[in-house]
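Input: a single structure, listed below in structure tokens.
The values are calculated or read from the model by the stated rules, or taken from the named source; none is laboratory data. These numbers come from a predicted model, not from an experiment. Every residue, glycine as well, gets a Cβ built from its backbone with ideal geometry; the counts of neighbours run over all protein chains shown. In case anyone asks, the SASA skips ligands and DNA or RNA and just uses the protein heavy atoms, side chains included. Shrake-Rupley method; radii C 1.70, N 1.55, O 1.52, S 1.80 Å.
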Amino acid sequence: EKTKKDGSKCEDWRWGPCVPNSKDCGLGYREGTCKDESKKLKCKIPCNWKKKFGADCKYKFESWGGCSAQTGLKTRSGILKKALYNAQCEETVHVTKPCSSKIKAKSKGQ
């Protein structure tokens with residue numbers, strides 16, 4: 001039986017979420033268990049990542065929809081691409097953001 005480079009022969013690791021060392025983002029660790037073994041891996045949650053579905057769920061998003069005059073928000077949905085570290089992820093998610101009140105125009109320097 002092969003031993004992996006970390007010295008473990010265990011194949012069925014279960015990983016918890018990335019837990020930041022302080023506040024709600026930045027460097028941290030995730031704990032893993034396999035039978036009677038356990039270990040920690042370093043991880044990082046980007047500080048601009050405030051999504052409710054977590055940093056371990058990777059989605060393929062469509063383009064932003066139009067602005068809703070009723071809510072002042074635009075929406076888009078994403079379909080699950082990959083769940084890292086056995087994360088429990090929703091198959092489809094919907095996100096919103098405020099509509100931009102500014103109209104972007106390229107300005108040319110003269």
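Kindly establish whether LYS9 is basic (Lys, Arg), assigned to a loop (DSSP other than H, G, I, E, B) and more than 30 Å from SER100 (Cα to Cα). Spelling it out, LYS9 is indeed basic (Lys, Arg), assigned to a loop (DSSP other than H, G, I, E, B) and more than 30 Å from SER100 (Cα to Cα). If you go through region 60-102 and keep only what is part of a loop (DSSP other than H, G, I, E, B), out of contact with any Leu (no Cβ under 9 Å at 6 or more places or on another chain) and either open to solvent by 90 Å² or more (accessible area, probe 1.4 Å) or of a type in the set (Val, Ile, Thr) (or both), you end up with GLU62, SER63, ALA69, GLN70, THR71, GLN88, SER101, LYS102.
Among residues belonging to region 52-85 that are at positive phi and within 13 Å of the chain's Cα centre (by Cα), point out the one that is modelled with the lowest pLDDT. Checked region 52-85; the qualifying residue modelled with the lowest pLDDT is GLY54. Taken over region 20-47, the criterion of being in contact (Cβ under 8 Å) with a residue 12 or more places away in the chain and either aliphatic (A, V, I, L, M) or part of a loop (DSSP other than H, G, I, E, B) (or both) is satisfied by ASP24, CYS25, LEU27, LYS35, LEU41, ILE45, PRO46, CYS47. Within region 16-59, the set of residues being open to solvent by 60 Å² or more (accessible area, probe 1.4 Å) and of a type in the set (Ser, Thr, Tyr) comprises SER22, TYR29, THR33, SER38.
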